[in-house]
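K.L.:
Take this structure first; my questions come after.
The values are calculated or read from the model by the stated rules, or taken from the named source; none is laboratory data. Remember, it's a predicted structure, so these values are computed and weren't measured experimentally. Cβ coordinates were reconstructed from backbone atoms using ideal geometry, including for glycine residues, and neighbour counts include every protein chain displayed. SASA here: full protein model, heavy atoms, side chains in, ligands and nucleic acids out. Shrake-Rupley method; radii C 1.70, N 1.55, O 1.52, S 1.80 Å.
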Amino acid sequence: MGQDQTKQQIETGLQLYQSNQPEKALQVWTRVLEKSADLVGRFRVLGCLVTAHSEMGRYKEMLKFAVVQIDTARELEDADFLLESYLNLARSNEKLCEFHKTISYCKTCLGLPGTRASAQLGGQVSLSMGNAFLGLSLFQKALESFEKALRSAHNNDDAMLECRVCCSLGSFYAQVKESMKIALQHGDRPLQALCLLCFADIHRSRGDLETAFPRYDSAMSIMTEIGNRLGQVQVLLGVAKCWMARKALDKLSQLKLHCLSERICRSKGLQRELRAHVVRFHECVEETELYCGLCGESIGERNSRLQALPCSHVFHLRCLQKSGPRSCPNCRRSSMKPGFV
């Protein structure tokens, strides 16, 4: 069977499938697979068979054809075909609840460099990984993957992917809600905190920031109560993302945000991100003129006691005590009866 004939038969199978004749479509595609010598055509037929068996709930058959598709992609020596086939293999294992294998194949997809299809399929890879993390009850990782998939759907104007992500988020919310119910019944404070954090993250991902903030506050209260430092960092990270989503930060809020982000990146050893936040922190300091006019150090970078003069200029208390000025070093106005901040 030649290349043109293979394409024609693939199209015939698609028409039969779309006209609600799946078994006849499968027969056509199977014959093409048996007779065609065109590797690209065989790859496309295998993709049709994988999709059809997935939609028909025949997941073992889906996996079988996904494995054959991987071998065909390797023969073609094409990174785009390899990415698509690994994604189908990940989806097959996801349907069979082999979640660890799903995550492994998704990571293989993300590790393939220089593929043209990565922009279109990256969101689907993240969605499959998120579903696998959800199956393993790794809520935070699941939500991170769903958020990546949703961003990809928006960037590529992919309504179908967005719909699938929203369905997964619905399942995510239901599972977290059930976990919260169990946590309340058993008085499990760590699980309650985790569920509250997940609820807050869900609302943030949906853009419902007014609901997200109180959930973060509740989660922080419990994290502080039980001494979970990592949990506190995760809460603060979520709050920072909320502020960034608002895109309405004043300079002081930006300063606080970059200061917090710097501490988080430093604790996690993220050197490139750390440098970026340090630069932005100092830029905000310059823009707001938040530095001591006596020693030149930025205010807020370290825990130091400050002193505000009647003219509203602020200095380090230690600097004023050392110099003992009778007037403000900035504007030279009288500095009697200073106030503390």
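K.L.:
Check whether at least one residue in region 27-47 is at pLDDT below 90 and under 25 Å from Gly130 (Cβ atoms), and report yes or no.
P.N.:
Looking through region 27-47, none of the residues is at pLDDT below 90 and under 25 Å from Gly130 (Cβ atoms).
K.L.:
Could you check region 66-79 and list, in sequence order, the residues that are surrounded by fewer than 14 Cβ atoms within 10 Å (Cβ to Cβ) and either of a type in the set (Gly, Ala, Ser) or not in a helix (DSSP H, G or I) (or both)?
P.N.:
Glu77
K.L.:
Something else about it: May I ask you to verify whether Leu63 is within 20 Å of Phe146 (Cα to Cα) and either under 32 Å from the mean Cα position of the chain (by Cα) or surrounded by fewer than 19 Cβ atoms within 10 Å (Cβ to Cβ) (or both)?
P.N.:
no
K.L.:
Next question, about the same structure. Somewhere in region 82-89, is a residue over 27 Å from Arg215 (Cα atoms) and among the charged types (D, E, K, R)?
P.N.:
yes
K.L.:
Quick one: would you say Met129 is under 25 Å from Tyr86 (Cβ atoms), of a type in the set (A, V, I, L, M, F, W, C) and at pLDDT 85 or above?
P.N.:
So Met129 fits the description; yes.
K.L.:
Pairs needed: first member in region 33-57, under 20 Å from Ser92 (Cα atoms); second member anywhere, part of a helix (DSSP H, G or I) and open to solvent by 60 Å² or more (accessible area, probe 1.4 Å); C-beta distance under 7 Å; at least 6 residues apart or different chains.
P.N.:
His53/Glu61; Ser54/Lys95
K.L.:
To continue, here is another question. Considering only residues that are open to solvent by 70 Å² or more (accessible area, probe 1.4 Å) and modelled with pLDDT under 75, which ones fall in region 204-256?
P.N.:
Arg206, Trp243, Met244, Arg246, Lys247, Ala248, Asp250, Lys251, Leu252, Lys256 - these are the residues of region 204-256 that are open to solvent by 70 Å² or more (accessible area, probe 1.4 Å) and modelled with pLDDT under 75.
K.L.:
Determine the pairs where a residue that is in contact (Cβ under 8 Å) with a residue 60 or more places away in the chain, located within region 1-28, has a partner that is open to solvent by 70 Å² or more (accessible area, probe 1.4 Å) with Cβ atoms under 7 Å apart, the partner being 6 or more residues away or on another chain.
P.N.:
Filtered contacts from region 1-28: no entries.
K.L.:
Out of all the residues in region 34-53, which are open to solvent by less than 30 Å² (accessible area, probe 1.4 Å) and either under 18 Å from Leu16 (Cβ atoms) or touching a His at 6+ places or on another chain (Cβ under 6 Å) (or both)?
P.N.:
Selection gives Ser36, Gly41, Val45, Leu46, Gly47, Cys48, Leu49, Val50, Ala52, His53.
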